[in-house]
Amino acid sequence: MLTAASAGEIRKASAEDAPLLADALARAFQDDPGWSHLLPQASDRTRRLRLFFETELPGVALPHGLVWTTDEVVGAAVWMPPDAWRVPVTATLREAPPMVRVFGRHLPLALRSRLRMEGRHPRKPPHWYLVFMGVVPEWQGRGLGTALMLPGLEALDAAGMPAYLEASTPRSRALYARNGFAVTGEFNLPSGGPPLWQMWREPAS
């Protein structure tokens, strides 16, 4: 499956892609309301996000999930399998030093936000979790987000598995709705944070 010519073919990411994936996702989320709440200093938000994804992708997402990107690594869809969406205590402890560098004095807010998201996450039935899906700004609005999601959605449909995610903007919520997700709930991040929309997708028959 091909996207626009210079973006390249949609493919599974590998551990070697982690630095470029981290950069692409950092740029994709640099103006996201949720990340702006957790990292309010705009001047260094992208740098801090890059460090976050450099830690999160090799430590949790790439070993345990399924990550789709493009040949040019201009975006990513990061899926976590059933029962792997909760970050283990061991991983949290291992990530503590870099997360202090990412969030600084906002680390307690980041931890409370993660706990709120985990508390709202549905326990049953078993499902895959689209934990991150982002495209660099210059490629947004060209259908690349749908292209990145499609291999995962097709695999879930073939396996008869549902999917779950949280949308952080009305634009992303509309994108997910076009791909079969429906809003099932809404909650705000702590300390007066922005809303997240919980969305669920049943497998296509």
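The figures follow:
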item	result
Karplus (6.51, -1.76, 1.60) ³J(HN,Hα), θ = phi - 60°, over the range 178-190, in Hz, Gly and Pro reported as x	5, 10, x, 8, 10, 5, 10, x, 8, 8, 9, 5, x
Translational diffusion of the range 17-93, µm² s⁻¹ [Kirkwood Rh, Cα pairs; Stokes-Einstein; 10 °C; 1.306 mPa s]	121
Amide hydrogen neighbours beyond the local backbone of Thr70, cut-off 5 Å, H modeled	Arg11, Gly75
Length-normalised contact order of the chain in % [C-alpha pairs under 8 Å, at least 6 apart]	22
Per-residue [θ]222 nm for the chain (sum of -39500 (n - 2.57) over DSSP H runs n ≥ 4, rounded to 500)	-12500 deg cm²/dmol
Built amide H within the under 5 Å cut-off of Arg86, gap 5+	none
The range 52-69 - phi-based ³J(HN,Hα) in whole Hz, Karplus 6.51/-1.76/1.60, Gly and Pro as x	4, 6, 4, 7, 6, 5, x, x, 10, 5, 5, x, 10, x, 9, 10, 10, 9
Of every Cα-Cα pair in the range 55-205, the percent that sits beyond 25 Å	30
q = 0.13, 0.15, 0.18 Å⁻¹: log10 I(q)/I(0) that the Debye formula gives for the range 110-168, counting C-alpha atoms only	-0.46, -0.59, -0.79
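Each reported figure results from applying straightforward, stated rules to the coordinates on display, with no laboratory input. Predicted model only: the values in this text are computed from it and were never measured.
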